[in-house]
Amino acid sequence: MQTIGLVGGMSWESSAAYYEALNRGVEQRLGGFHSARTAMTSVDFAEVTTLQEAEDWDGVAAILRDAAISVERAGADFLLLCTTTFHRVAEQVQEAVSIPLLHLGDVVAEACKEQGVESVALLGTKFAMSRTFFTDRIASHGLGVLVPEPAHHDELNRIIYDELVHGKVIDDSRRSVVNLISELWDAGAGGVILGCSELELLVRQADSELPVFGCTSLHVAAALDRALA
């Protein structure tokens, strides 16, 4: 079994979901008392979020590069960033280490293509939806990518940052996101990407008639495939 490197803390709820899912996945695949070999470092979410809001991406990159280097030194064979938004600096992180980075955008795009989906909608933080760093990565695999109208961005951001990152799962917020998914279906989406780890706490496949692609679940599955190959 290879050692999976994790750069977390963005948010800690997301990191906890990754850690639990990786260990449950190894237990299911190998049985017995098996658990995942991992090396994790966790950054201060407040620090990187402040830098993000100031558009100081060099500062964000420096923190995540140092975190990735520490994970590599701890013996990781490959690396995951336990976040969507901060994949904005994924290339800089990859340049800082000699181990491969399993890019979330590539993993999600391949999963969409495997299900025959040609156009997907991305739900995530306001930053991830309003910039193209993640949608461009997905589109590079030949997929069409939709995002909600800007009028919805603040509400999604509120649900993520005021509720989900604090572990609050509220039914009214679920209904709001499910209604938004229906609007994106009408706009031509053949599937929806939950492009923020915390959104998987809120929305399940049973909530939507569209195929739902949870970034954390897919990232974890791809990491397990690699670690156990």
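The values are calculated or read from the model by the stated rules, or taken from the named source; none is laboratory data. These figures come from a predicted structure and were not determined experimentally. In this analysis, Cβ positions are derived from the backbone assuming ideal geometry, glycine residues included, and neighbour counts consider all displayed protein chains. Side chains included, ligands, DNA and RNA excluded: accessible areas come from the protein's heavy atoms. Shrake-Rupley method; radii C 1.70, N 1.55, O 1.52, S 1.80 Å.
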Dividing the surface of the Cα convex hull of the chain by four yields a projected area in nm² of 12.0
Karplus-derived 3J(HN,Hα) from phi for region 198-208 (6.51 cos²θ - 1.76 cosθ + 1.60, θ = phi - 60°), whole Hz, x at Gly and Pro, runs 5, 5, 5, 6, 9, 10, 10, 4, 5, 7, 9
Computed on Cα atoms only, the convex hull of region 1-57 has an orientation-averaged projected area in nm² of 4.4
With every protein chain kept in place and a 1.4 Å probe, the residues E200, E110 fall, from largest accessible area down, as E110, E200
In order over region 3-19: 3J(HN,Hα) from phi, Karplus 6.51/-1.76/1.60, θ = phi - 60°, whole Hz, x for each Gly or Pro, gives 8, 8, x, 10, 9, x, x, 10, 9, 5, 4, 4, 4, 4, 5, 4, 4
Out of I160, I63, I193, a Gaussian network model of the chain with alpha-carbon springs under 10 Å gives the largest mean-square fluctuation to I63
Phi-derived 3J(HN,Hα) across region 95-100 with the Karplus relation (6.51, -1.76, 1.60, θ = phi - 60°), rounded Hz, x for Gly and Pro, is 5, 8, 10, 9, 8, x
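Going highest first, how would you order 27-34, 13-20, 201-208 by mean Cβ packing within 10 Å?
Working: 27-34: 10.6, 13-20: 19.1, 201-208: 15.9.
With the highest mean Cβ count within 10 Å placed first, the list reads 13-20, 201-208, 27-34.
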With a Förster distance of 35 angstrom and the Cβ-Cβ distance between A151 and E27, calculated FRET efficiency to the nearest 0.05 equals 0.20
Regression test value, accessible area per residue of the chain, probe 1.4 Å, units Å², expected 45
Taking 0.36 nm per residue of separation between A229 and E47 and subtracting their Cα-Cα distance, the length gained on full extension comes to 61.9 nm
Taking alpha-carbon centroids only, region 1-73 lies from region 159-226 a number of Å equal to 20
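With the cut-off at 1.5 for a/c, could you classify region 3-98 from its C-alpha gyration tensor as rounded, prolate or oblate?
Numbers: a/c = 2.86, a/b = 1.77, b/c = 1.61.
Prolate is the answer for region 3-98, as a/c is 1.5 or above and a/b outweighs b/c.
Which whole-number percent is the relative contact order of the chain (Cα, under 8 Å, 6+ apart)? Please report the intermediate quantities before stating the final value.
Values: 377 pairs, mean separation 52.5, N = 229.
Result for the chain is 23 percent.
Once the piece of chain linking N179 and E209 is laid out straight, how much longer is it, given 0.36 nm per residue of separation minus the C-alpha distance between them? Walk me through the numbers before you get to the answer.
Working: separation 30, 0.36 × 30 = 10.80 nm, distance 1.13 nm.
Using 0.36 nm per residue and subtracting the Cα-Cα distance, I get 9.7 nm.
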note: region 127-229, Cα-Cα separations exceeding 16 Å make up a percent value of 61
Of every hundred units of 1.4 Å-probe accessible area on region 107-194, the number belonging to carbon and sulfur atoms, as a percent, is 46
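Helix-only mean residue ellipticity at 222 nm, the chain, DSSP H runs n ≥ 4 weighted -39,500 (n - 2.57), per residue, nearest 500. What is it? Let's see the in-between values first.
Values: 10 runs with 110 residues, N = 229.
About -14500 deg cm²/dmol.
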The helix 171-186 Cα axis meets the longest alpha-carbon principal axis of the chain at an angle in degrees, between 0 and 90 and rounded to 10, of 70
